[in-house]
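Report on the structure given below.
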Amino acid sequence: MGILRYFANMSADGYTVDAEGKFDWIVPTDEVLAFINEIEADVAVYIHGRRMYETMVYWETHEPGPDPNPHMTRYAEIWQGVEKIVASSSLPEEAVASARTRLVRDLQLGELRRIANCAPGAVSVGGPTVAAEPIRHGLIDEFRFFVYPEVVGGGLPALPPGARLSLRLVDTRTFANGCVYLRYVPR
């Protein structure tokens, strides 16, 4: 059985974006980026909703520039090397601009589990909206959170309202910028 993982960057008060939809307070350092590359190396499929895809598609055409950051270059390689599924009922077909990407208008929970079971590596669900129903139904096998030392006072919560989970902490890491990595599995 494959691993279905939920990955989220969040504020200390639990939001992935603030009330204005901004996430400019999430500033991963090279130390954080290197660690993300390490833990994302086993991903075989990324599943994103519309907004997360529109943010992440940047990695499809990432240009290292004259003074390349090796951590950003490595993440671009990870992104480009895996299958991507965009779960969106509103994204126009022509807006799917990355290779190895397909648009699914209505991703059912059974199909999500089938994708995870058939994938040669982990399936990473990114974005709290697309992850909400799998979380509520207990389908997520692993939660990976990067908690940034910012309180934004509202916005889009990383976890869906009404979800009740019993989790076991299996890994942590603290970074010099105050960011904390937390990895949980269901009890």
Per the rule of 0.36 nm per residue minus the C-alpha distance, extending ARG173 to ARG187 adds in nm 3.0 nm
ILE135 neighbourhood, Cβ < 15 Å, K/R = +1, D/E = -1, net charge +3
Computed from every Cα-Cα pair in the chain, P(r) in 5 Å bins starting at 0 and rounded to whole percents is 1, 8, 16, 20, 22, 19, 10, 3, 1, 0
Using alpha carbon centers only, the range 72-125 is separated from the range 35-68 by a whole-angstrom value of 12 Å
Applied in sequence order to the range 90-106, the curve 6.51 cos²θ - 1.76 cosθ + 1.60 (Karplus, θ = phi - 60°) yields integer Hz couplings, x standing for Gly and Pro, of 10, 6, x, 3, 5, 7, 7, 10, 10, 5, 6, 10, 10, 9, 10, 6, 9
So, with points 7 Å from each Cα along the Cβ direction, the ASP13-ILE78 label distance in nm works out to 2.9 nm
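For the range 31-123, would you read off the P(r) tail past 23 Å as a percentage of all alpha carbon pairs?
Values: 1163 of 4278 pairs.
Here the tail beyond 23 Å accounts for 27 percent of pairs.
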Checking the range 140-181 for trypsin sites (Lys or Arg not before Pro) in a loop per DSSP with at most 13 other beta-carbon atoms within 10 Å yields ARG164
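Based solely on its DSSP helices, what 222 nm [θ] is calculated for the chain when runs of n ≥ 4 H residues each add -39,500 (n - 2.57) and the sum is averaged over all residues, nearest 500 deg cm²/dmol? All intermediate terms of the calculation are to be shown ahead of the outcome.
Values: 5 runs with 48 residues, N = 187.
Helix-only estimate at 222 nm: -7500 deg cm²/dmol.
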In the range 37-109, the trypsin sites (Lys or Arg not before Pro) that sit in a DSSP loop and have at most 14 other Cβ atoms within 10 Å of their own Cβ are ARG100, ARG105
The ³J(HN,Hα) series, computed from each phi in the range 138-153 with the Karplus coefficients 6.51, -1.76 and 1.60 at θ = phi - 60°, rounded to the nearest Hz and given as x for glycine or proline, is x, 8, 7, 8, 7, 10, 10, 10, 10, 9, 8, x, 9, 10, 10, x
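Work out, step by step, the length gained on full extension between ARG164 and SER89: first 0.36 nm times the residue separation, then minus their alpha carbon distance; give nm to one decimal.
Gain in length upon complete extension: 24.3 nm.
How would you rank GLU40, GLU60, going from fewest to most other Cβ atoms within 10 Å of each one's own Cβ? Don't skip to the answer; put the middle values down first.
On the way: GLU40 20, GLU60 15.
Lowest to highest Cβ neighbour count: GLU60, GLU40.
For PHE146, what charge total do you get from the other residues with a beta carbon under 11 Å from its beta carbon, if Lys and Arg give +1 and Asp and Glu give -1? If you can, show how the numbers build up before the last one.
On the way: positive: ARG144, ARG173, ARG183; negative: none.
Around PHE146, the surrounding residues sum to +3.
Rule-based calculations on the coordinates, nothing more; no lab input. Source: prediction; values computed, not measured. Neighbour counts run over all protein chains shown; Cβ positions are idealised from the backbone, glycine included.
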